[in-house]
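Heads up, the thing below is written out as structure tokens.
The values are calculated or read from the model by the stated rules, or taken from the named source; none is laboratory data. Note that this is a predicted model, so its numbers are computed, not measured. For the accessible areas, the whole protein counts, side chains as well, though only heavy atoms, and no ligand, DNA or RNA atoms are used. Shrake-Rupley method; radii C 1.70, N 1.55, O 1.52, S 1.80 Å.
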Amino acid sequence: MGRNLSTLPMPGQTNAGPLRQAQLWLAAPACGIVAGRDGGSRKARRALERNASRALLAETGAPQMPQRSLSHSGGCAAIAIAPAGCRAGVDIETATPRDVRSIARFAFSPDEARELRALALPAAIARFYVMWTLKEAFAKALGMPLLAALRECAFTFRDSCWAGRIPTAEPWRATVFKPRPLLTLAAVVVGPCDTPRDDWACWEWPVLAEPSWLCLTAFVADNRRDQPQAADRPAAESRIKTI
């Protein structure tokens, strides 16, 4: 099914050593993103997602979980590959008609649900997808049940800043992209890494290209620098200006 993507000369990776920089791949169908409840049959969407997922797994030479993570939505698929010794998590969501305030009231923290209720609906929907994709990506990277991650991985937006609190004492980083108007894509890496933690090697397939995706926000939490031991601090917090 085309060229082997794992042989591409990506930043931070050489044939002489293990992967050193996180990779993020998006496979979007040539027919476009299937969105909304009336945007194509469920069977057609699932077929597109299966084909895209299999292609990415086969052609990126992705390692086993938890170093890699896979997600699909709206006929598209995404795969995140963490550097050696780290764990990856990814979630991709297509915007569809949802009562995001009701979902947040059930699944999110009280502060998060309260923030969403205070927003006008378009802003609430956009905020919901940022938080949901982050939470689901962290659930995969940390091996948590989704419902636990929805409630324990907390993200708030105040004074033009995002703040994130994650139930781990390990270093982590997370980025949320908007690769298409209807897609939100969050990717996270958990674990120590020797390379800078604020960038991803991003690629699209099958038209092989380095994309120019809109970055909605990014978080970095490195707990190794002048921090208490893991046993003394069960969660890490990151605070960063929105992009």
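Leaving out ligands, DNA and RNA, what percent of the accessible area of the range 47-202 is carbon and sulfur, probe 1.4 Å? List each step's numbers first, then the result.
Numbers: 3410 of 5970 Å².
Roughly 57 percent, rounded to a whole number.
Is the range 40-198 rounded, prolate or oblate when judged by the Cα gyration tensor, a ≥ b ≥ c being the square roots of its eigenvalues, rounded requiring a/c under 1.5 and prolate requiring a/b larger than b/c? Mind dumping the intermediate values first?
Details: a/c = 1.98, a/b = 1.15, b/c = 1.72.
Oblate, since a/c reaches 1.5 and b/c is not below a/b.
Assuming 0.36 nm per residue, please report the length gained on full extension of the stretch ALA58 to LEU147 beyond their Cα-Cα distance.
Numbers: separation 89, 0.36 × 89 = 32.04 nm, distance 3.02 nm.
Extra length available between ALA58 and LEU147 comes to 29.0 nm.
How much length is gained on full extension from THR156 to ARG101, taking 0.36 nm per residue of separation minus their Cα-Cα distance? Show your work: numbers first, answer last.
On the way: separation 55, 0.36 × 55 = 19.80 nm, distance 1.48 nm.
Separation in residues times 0.36 nm, less the Cα-Cα distance, equals 18.3 nm.
Computed over the Cα atoms of the range 74-151, what is the convex hull's projected area averaged over all directions, in nm²? Spell out each step's value before the answer.
Values: hull surface 23.0 nm².
Projected area, direction-averaged: 5.7 nm².
Largest first, what is the accessible-area ranking of TRP203, TRP172 with a 1.4 Å probe?
On the way: TRP203 30, TRP172 0 Å².
These residues rank, largest area first, as TRP203, TRP172.
Going from most exposed to least, what order do ILE92, ILE103 have by accessible area with a 1.4 Å probe? Could the numbers behind the result be given before it?
On the way: ILE92 0, ILE103 55 Å².
Result of the area sort, largest leading: ILE103, ILE92.
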